[in-house]
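The next block holds one structure in the form of C-alpha cells; read it before the comments.
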Amino acid sequence: GESVGLHLPTLSVQEGDNSIINCAYSNSASDYFIWYKQESGKGPQFIIDIRSNMDKRQGQRVTVLLNKTVKHLSLQIAATQPGDSAVYFCAERGAGGTSYGKLTFGQGTILTVHP
Amino acid sequence: EPEVTQTPSHQVTQMGQEVILRCVPISNHLYFYWYRQILGQKVEFLVSFYNNEISEKSEIFDDQFSVERPDGSNFTLKIRSTKLEDSAMYFCASLRSLLVQYFGPGTRLTVT
C-alpha cells in the first residue's frame, strides 16, 4: 500500500549550517510532493512543493530534490536558523485520483537548531 | 495574508458526547479537508469535500463522523458519539485551484 516515511526522526544542527531532511516514499505513482513545517501547537505550514516531472525546485533558503528512481525526496535548508526548529513532514499525493485529493504524510523529522 | 481559522482551539468532552469542530477556509477556496493528528504521530487524512459533497474519505471517517458546509464560509466536522481514541488535533485545510493545501491552526480535542 501507499506509505511515506522518513529516514531520520531527529536532526540537530548548529546555526548557520545547512540541513538536509530525507523522505522515502513507496507509491511510484505519486505525482506531487510537498514539505510542511509544523511548530509546536500549530498547524502544518507550507514550505515548498514539487511535481513528479521535476527533480529539483528552489525557494528562499530551501531546495527540494526528487529522485524518482529510488523514490526519495529531500529538503535542504541553507544557513539554518533557530527559527527553523520544528517538525518537518513530507507528504505525497497519489496520481489517479482527483487533482485535489488527499495528502499522505510521513512520520516527521524533528529539526533542532542550536545557536 | 488570508488564513484558515478554526474554533475552538481546545475542546474537552466526555465520552459519548457529540462535538462540532468549526473551520473557516480561505474565502475563495473550493476544496476543503479534515485531517487529524494523534499526539506524536503523523497527520492522517479524514475527508475531502467539494461542491457540497464528500469527494473522498478514509477508513477513519466512519458513520460517527460527518461534515457540512452550512453556509458560504463555515466548514464543520461533527463527531456524533466521541470515543477516547478520538482525542487528537484536528486540522482543517483548504485549496483553491493550485496544489497547495493550506492548514488551519487546529483544534485539540480531548475526550475524557
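The values are calculated or read from the model by the stated rules, or taken from the named source; none is laboratory data. Note that the structure is a prediction, hence the values are computed from the model and not measured. Reconstructed Cβ throughout: ideal geometry from the backbone, glycine too, with neighbour counts over all protein chains shown.
Odds and ends about this structure:
- Every pair of residues 6+ apart whose Cβ atoms lie under 8 Å, when the first sits in segment A:27-41 and is more than 13 Å from residue B:43 (Cα to Cα) while the second is at pLDDT below 90 and acidic (Asp, Glu): A:27/A:2; A:30/A:2
- Scope segment B:59-73; condition within 12 Å of chain A (Cβ to nearest Cβ) and either under 16 Å from residue B:24 (Cα atoms) or over 13 Å from the mean Cα position of the chain (by Cα) (or both); matching residues: B:59
- Cβ separations smaller than 9 Å between residues 6+ apart or across chains give the following pairs from segment A:84-108 residues that are closer than 24 Å to residue A:15 by Cα to residues that are modelled with pLDDT under 90 and of a type in the set (Ser, Thr, Tyr): A:86/A:40; A:87/A:40; A:90/A:25.
- Selection status of residue B:27, among the polar types (S, T, N, Q), in contact (Cβ under 8 Å) with a residue 40 or more places away in the chain, in a strand (DSSP E or B) and in contact with a Pro (Cβ under 9 Å, 6 or more places away or on another chain): no
- Pairs linking a residue in segment A:44-70 that is within 11 Å of chain B (Cβ to nearest Cβ) and more than 16 Å from residue A:29 (Cβ to Cβ) to a residue that is of a type in the set (D, E, K, R) and surrounded by 15 or more Cβ atoms within 10 Å (Cβ to Cβ), with Cβ atoms under 9 Å and 6 or more positions apart or on different chains, are A:44/A:37; A:45/A:37; A:46/A:37; A:47/A:37; A:48/A:57; A:49/A:57.
- Residues located in segment A:54-75, provided they are within 21 Å of residue A:11 (Cα to Cα), among the hydrophobic types (A, V, I, L, M, F, W, C) and not in a strand (DSSP E or B): none
- Residue within segment B:25-45 that is acidic (Asp, Glu) and within 9 Å of chain A (Cβ to nearest Cβ) present: yes
- Residues being crowded, with 17+ Cβ neighbours inside 10 Å and either over 26 Å from residue B:88 (Cα atoms) or facing another protein chain (nearest Cβ under 10 Å) (or both) - total across segment A:34-43: 4
Residue-by-condition table, conditions (1) within 12 Å of residue B:35 (Cα to Cα); (2) within 14 Å of another protein chain (Cβ to nearest Cβ); (3) touching a residue at least 24 places away in the same chain (Cβ under 8 Å); (4) part of a strand (DSSP E or B):
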{"residue": "B:81", "(1), (2), (3), (4)": "no, no, yes, no"}
{"residue": "B:89", "(1), (2), (3), (4)": "yes, yes, yes, yes"}
{"residue": "B:99", "(1), (2), (3), (4)": "no, yes, no, no"}
{"residue": "B:105", "(1), (2), (3), (4)": "yes, yes, yes, no"}
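- Flag not set for residue B:42, criterion: of a type in the set (D, E, K, R) and either loosely packed, with under 13 Cβ neighbours inside 10 Å or modelled with pLDDT of 95 or more (or both).
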